[in-house]
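Following: one structure in structure tokens, then a few remarks.
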Amino acid sequence: MEATPSLPEFDKLVAPFKFKNQPHEYKVTALRECVTPESLQMCDTPDKAAHYWRLHLPQNPYFNSEAECLVVLLLNTRRRVKGHHIVSMGTHDTILVHPLQVFRLAVMTSASAIVIMHNHPSGDSTPSEADIKVTRDLIRAGQLLKIEVLDHIVMGQPSHTSLRELGYFYE
């Protein structure tokens, strides 16, 4: 039988982790370059956003086509794509999303507008009631931050659906 460690040795093994009390400097670092044809760098239609998705998202090592994945396209003032950000991965029919995560990188990269996109693993691009409610909540959050939500696109196979084109955006 092995002897159990004495109390002082045990305390060293399970000492609580403490954060340093000094602030830190942070920076945004790009993960990888996403070579994009000039024709797709201007993201001014749902078709172009969907094409951008199909060009870049399936190649991402974290993307899982069998689970819902919410992505934000970050756009400059001329509606050119600055980059994209995988916000959340869900299950086969559900995804959790909060405005904090959706807008965090948009604020940090000074994006003036975003396009929200997510996939439906079922292949049906029809938006759910939850998709519509979340979209309206995110539009309101964007208004507070002065970051325009241009569209929310639901990606299916092979189609996609724009919530703006369906009339769920209001001015």
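Just a few scattered comments:
- Charged neighbours of residue 152, selected by a Cβ distance under 14 Å, balance to -3 (K, R count +1; D, E count -1).
- The stretch between residue 159 and residue 145, if pulled fully straight at 0.36 nm per residue, gains 1.9 nm over its current Cα-Cα span.
- With both residues required to sit in the chain, DSSP beta bridges show an antiparallel share near 70%.
- Extreme residue, positive dipole direction of the chain, given options 109, 99, 83 (C-beta unit charges): 109
- DSSP finds beta bridges in the stretch 87-171, and of those with both partners inside it, around 30 percent are antiparallel.
- Listed residues 68, 38, 148, most fluctuating in the chain (Gaussian network, C-alpha, under 10 Å): 38
- Report summary: the helix-based calculation at 222 nm, which adds -39500 (n - 2.57) for every DSSP H run with n ≥ 4 and divides by the residues of the chain, gives -8500 deg cm²/dmol.
- Binned Cα-Cα distances of the chain, short to long, each 10 Å bin given as a whole percent: 9, 35, 29, 10, 8, 6, 3, 0
- Look at the dipole of the chain built from charges on Cβ: of 30, 163, 62, the Cα furthest out on the positive end belongs to 30.
- With 0.36 nm allotted per residue and the present C-alpha distance subtracted, the residue 41-residue 109 stretch has 22.8 nm of extension available.
- Packing rank of 52-64, 131-143, 73-85, 109-121, where each peptide gets the mean count of other beta carbons within 10 Å, highest leading: 109-121, 73-85, 131-143, 52-64
- Å² of accessible area per residue within the chain, as computed with a 1.4 Å probe and no ligands counted: 66 Å²
- Largest-first principal axis extents, alpha carbons of the stretch 19-117, Å: 48, 35, 23
The values are calculated or read from the model by the stated rules, or taken from the named source; none is laboratory data. The structure presented is a predicted model; accordingly, all values stated were derived computationally and were not measured. For neighbour counting, all protein chains shown are included, and Cβ atoms are generated from backbone atoms with ideal geometry for every residue, glycine included. The accessibility values were calculated without ligands, DNA or RNA, using every heavy atom of the protein model including side chains. Shrake-Rupley method; radii C 1.70, N 1.55, O 1.52, S 1.80 Å.
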